[in-house]
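Notes follow once the structure below has been shown.
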Amino acid sequence: VQSLSWSPDGTRLAAAQSTGPVAVIDIAQGRIQQTWPGHEGGTFAAAFSPIAPVAASVGQDGSVRLWTPESSAPARVVPVGSAWVEQLAWAPDGSGLATAAGRTVTVLQPDGSLRLQLPPRRSTVTALAWSADSRKLAAASYGEVQRWDTVSGAPEDPLAWKTSLISLAWSPDQRWIVAGTQEQSIQIWELPFRPESELAMSGYAAKVRELAWHHGSRFLATGGSADVTVWDCGGAGPAGTTPRILEGHQGRITTLAYQRSGHLLASGSEDGAMMLWNPGKSGAPLRRYRFAAPVVQVAWNPDGTRLAMGCQDGTVAWATAGRL
């Protein structure tokens, strides 16, 4: 399972498979309602719009495809580059769709028409993140995070750091941008940026690909080991503070997700475990689930009442809030 995405009304779940197809699951019926063929060569991600029953997918064929749950064929196919399209991100209000193919970042309108074709980056774009107000877009690549105003197309000063940046997350209050690095650390910038105010948090056991913000922007959960590390970014920020360490997984953390409006954090790992936490109150897990294969995706539905899990062997499961 490459990605999991809930429809805005929470009735359907799109599960993209590495082999290409995207399964659309009817949650009430507990069955696959539709299978989209996805992308030839493989699908990297599929995501529903936050406001409409339309999904976008990207893959190895250099295109973005738009789908509706009732149709088995794409409503629109939009070429966005000759390279694999690995990155896909809807604006929080559904007003735009950002993609990255190699060094090229493209912003589309919700119907697939072009809004912006941004200048090529100096290296491959590894992650995208929208600001909470849906106006600005950030892209990570080697040595920097570049931001743009997606209305005017104007670039802002880059956030530089001489290392490979492989993940990216913008805090909901738009105060912080954080990137995970190839060198087993995270890099944090406070906005508006002031030179030499960057924060580097090192000591992780592996590359940090997993980043998740609490909706209140106080807590930042990170992977990079078999433990979940939670930084307190409230007040003066995390500099000089000791993070909370959530112990319980036996394998490396592979996925993290906070509820959109609640306080629960879900984590999955290589050992097939999925755990539920309330890091603001306790370092002990509230629930443990066990699967036969690594848990590689977790996703909360829009109102936080259900949690979906996807595994490396193709298993998809979900639980209701009453059972968590």
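List every residue pair whose Cβ atoms sit under 7 Å apart, with the two residues 6 or more apart in sequence or on different chains, where the first one lies in segment 35-50 and is under 13 Å from residue 65 (Cβ atoms) and of a type in the set (D, E, K, R) and the second, anywhere, is open to solvent by less than 40 Å² (accessible area, probe 1.4 Å) and part of a loop (DSSP other than H, G, I, E, B). From segment 35-50, the pairs are 40/20.
Within segment 135-162, if we keep just the residues that are hydroxyl-bearing (Ser, Thr, Tyr) and open to solvent by 10 Å² or more (accessible area, probe 1.4 Å), the residue that is farthest from residue 230 (Cα to Cα) turns out to be 152.
When you look at residue 301, is it polar (S, T, N, Q) and either surrounded by fewer than 20 Cβ atoms within 10 Å (Cβ to Cβ) or modelled with pLDDT under 95 (or both), yes or no? Against the criterion (polar (S, T, N, Q) and either surrounded by fewer than 20 Cβ atoms within 10 Å (Cβ to Cβ) or modelled with pLDDT under 95 (or both)), residue 301 does not qualify. Per the conditions (1) open to solvent by less than 50 Å² (accessible area, probe 1.4 Å); (2) closer than 21 Å to residue 258 by Cβ; (3) out of contact with any Ser or Thr (no Cβ under 7 Å at 6 or more places or on another chain), the sole criterion not satisfied by residue 127 is (3).
Just checking, does segment 174-183 include any residue being of a type in the set (Phe, Trp, Tyr) and either open to solvent by 30 Å² or more (accessible area, probe 1.4 Å) or in contact with a helix residue (DSSP H, G or I) (Cβ under 7 Å, 6 or more places away or on another chain) (or both)? No: zero hits.
Any residue in segment 98-120 that is closer than 22 Å to residue 20 by Cβ, part of a loop (DSSP other than H, G, I, E, B), open to solvent by less than 10 Å² (accessible area, probe 1.4 Å) and not hydroxyl-bearing (Ser, Thr, Tyr)? Yes.
Picking from residues in segment 15-53 that are farther than 17 Å from residue 86 by Cα and within 18 Å of the chain's Cα centre (by Cα), the one that is surrounded by the fewest Cβ atoms within 10 Å (Cβ to Cβ) is 51. Pairing each residue of segment 202-228 that is touching a residue at least 12 places away in the same chain (Cβ under 8 Å) and open to solvent by less than 10 Å² (accessible area, probe 1.4 Å) with any residue that is acidic (Asp, Glu) and outside any loop (DSSP other than H, G, I, E, B), provided the two are 6+ apart or on different chains, yields no C-beta distance under 8 Å. Residue under question is residue 209, and the condition is that it be of a type outside the set (Gly, Ala, Ser) and over 18 Å from residue 264 (Cβ atoms); does it hold? When the stated conditions are applied, residue 209 passes them.
Taken over segment 1-34, the criterion of being without any contact (Cβ under 8 Å) to a residue 40 or more places away in the chain and in a strand (DSSP E or B) is satisfied by 26, 31, 32, 33, 34.
Number of residues in segment 273-288 that are under 22 Å from the mean Cα position of the chain (by Cα) and closer than 18 Å to residue 262 by Cβ equals 7. For residue 74, the requirement of being touching a residue at least 24 places away in the same chain (Cβ under 8 Å) and either over 24 Å from residue 168 (Cα atoms) or within 18 Å of the chain's Cα centre (by Cα) (or both) is met.
Per the listing 101, 129, the residue uniquely closer than 26 Å to residue 160 by Cβ, within 16 Å of the chain's Cα centre (by Cα) and of a type in the set (A, V, I, L, M, F, W, C) is 129.
Only one entry in 245, 253 is closer than 17 Å to residue 204 by Cα, surrounded by fewer than 14 Cβ atoms within 10 Å (Cβ to Cβ), hydrophobic (A, V, I, L, M, F, W, C) and touching a strand residue (DSSP E or B) at 6+ places or on another chain (Cβ under 7 Å), namely 245. Residue selection: residue 81 fails the criterion of being without any contact (Cβ under 8 Å) to a residue 40 or more places away in the chain, in contact with a strand residue (DSSP E or B) (Cβ under 8 Å, 6 or more places away or on another chain), crowded, with 22+ Cβ neighbours inside 10 Å and assigned to a loop (DSSP other than H, G, I, E, B). With a requirement of 3 or more residues that are in contact with a His (Cβ under 9 Å, 6 or more places away or on another chain) and either closer than 24 Å to residue 50 by Cα or polar (S, T, N, Q) (or both), the strands (runs of 3 or more DSSP E) lying completely within segment 255-324 that satisfy it span 265-269.
The values are calculated or read from the model by the stated rules, or taken from the named source; none is laboratory data. Treat the numbers as computed from the prediction; the structure is a model and nothing was measured. Positions of Cβ are generated from backbone atoms using ideal geometry, with glycine treated the same way; all protein chains shown enter the neighbour counts. To get the accessible areas, we keep the full protein, side chains included, count just its heavy atoms, and leave off ligands, DNA and RNA. Shrake-Rupley method; radii C 1.70, N 1.55, O 1.52, S 1.80 Å.
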